[in-house]
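**Q** Before I ask anything, let me first share the structure, which is written out below as structure tokens.
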Amino acid sequence: MAYKGKFRPTRPEKYIGDPSNIIYRSRWELKFMMYLDSHDNIVKWGSEELIIPYRSPIDNRVHRYFPDFIVDARGQDGVVRRSIVEIKPAAQSKPPEPQQKATKKYLREVYTWGINSAKWKAAENYCKDRGWSFVVLTEKELDIRY
């Protein structure tokens, strides 16, 4: 299975945006897309169809964040709720462990965490203002094993 490519939904009417141009960038995103497309409780969904501005802690400039997914799901109570969903490796979903020596790997992890946490804070505020929810899913929640 390819790690990136075009996803062809079986239910294109559920897709927010152009259903002929849905790109997945990991097998985790592909698995989540298949779930969204096939489950009846998912009313609408989109992939990278939303832009949230955020301020980077690296250069202090405003950048654009395209969350992986926007999802409208019907709960057991029948109410449709909107969520923004980000798919990330578990290692990138928490701050790196402090190191004695600032290796290139450690500095890259700190950089990645800084950018991700700034994006996610912006997404949380964006969602809070609208009564939506924001969630980060990892391979653990997606039940993907190596």
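**Q** In Å, the Kirkwood hydrodynamic radius of the chain over pairs of distinct alpha carbons?
**A** One over the average 1/r among Cα pairs gives 16.6 Å for the chain.
**Q** Right, another one. What per residue convex hull volume, in Å³, comes out for the stretch 1-81 when only alpha-carbon positions are used?
**A** 123 Å³
**Q** Now, a different point. Counting only other residues whose beta carbon sits under 13 Å from that of Ser133, what net charge do I get with K and R as +1, D and E as -1?
**A** That works out to 0.
**Q** Still on this structure, I have one more. For the chain, take the longest principal axis of its alpha carbons; what is the angle in degrees between that and the long axis of helix 104-130, to the nearest 10 within 0 to 90?
**A** So the inclination is approximately 40 degrees.
**Q** Between His39 and Asn125, what is the label-to-label distance in nm when each label sits 7 Å out along the Cα-to-Cβ direction?
**A** 3.0 nm
**Q** Now a separate question. Quick check for you: with a 1.4 Å probe and neighbouring chains kept, what is the accessible area per residue of the chain, in Å²?
**A** 64 Å²
**Q** Would the stretch 85-146 count as rounded, prolate or oblate if I go by the C-alpha gyration tensor, calling it rounded below 1.5 in a/c and otherwise prolate when a/b exceeds b/c, oblate otherwise?
**A** oblate
**Q** Quick one: helix 27-38 against the long Cα principal axis of the chain, what's the angle to the nearest 10°, folded into 0 to 90?
**A** In the chain, helix 27-38 runs at an angle near 20 degrees to the longest axis.
**Q** Summarise the accessible area of the chain (1.4 Å probe, protein heavy atoms) by the percent that is carbon and sulfur.
**A** For the chain, the apolar C and S fraction of the accessible surface comes to 52 percent.
**Q** Filter the trypsin sites (Lys or Arg not before Pro) in the stretch 93-129 down to the DSSP loop ones having no more than 10 other Cβ atoms within 10 Å, then list what survives.
**A** Answer by residue number: Lys101.
**Q** OK, next. What residue among Asp37, Asp129, Asp72 shows peak mean-square fluctuation when the chain is described by a Gaussian network model with Cα springs under 10 Å?
**A** Largest GNM mean-square fluctuation: Asp129.
**Q** Now, a different point. Sort the stretch 49-119 into rounded, prolate or oblate with this rule: let a ≥ b ≥ c be the square roots of the eigenvalues of the Cα gyration tensor; rounded if a/c is under 1.5, and if a/c is not under 1.5, prolate when a/b is larger than b/c, oblate otherwise.
**A** Taking the square roots of the gyration eigenvalues as a ≥ b ≥ c, the stretch 49-119 is oblate.
**Q** A further question on this structure: Over what distance in Å are the Cα centres of the stretch 75-123 and the stretch 1-47 separated?
**A** About 22 Å separates the Cα centre of the stretch 75-123 from the one of the stretch 1-47.
The values are calculated or read from the model by the stated rules, or taken from the named source; none is laboratory data. Because the structure is predicted, anything quoted here is derived from the model rather than measured. Cβ coordinates were reconstructed from backbone atoms using ideal geometry, including for glycine residues, and neighbour counts include every protein chain displayed. Note: accessible area is taken over every heavy atom of the protein model, side chains too, but ligands, DNA and RNA are not part of it. Shrake-Rupley method; radii C 1.70, N 1.55, O 1.52, S 1.80 Å.
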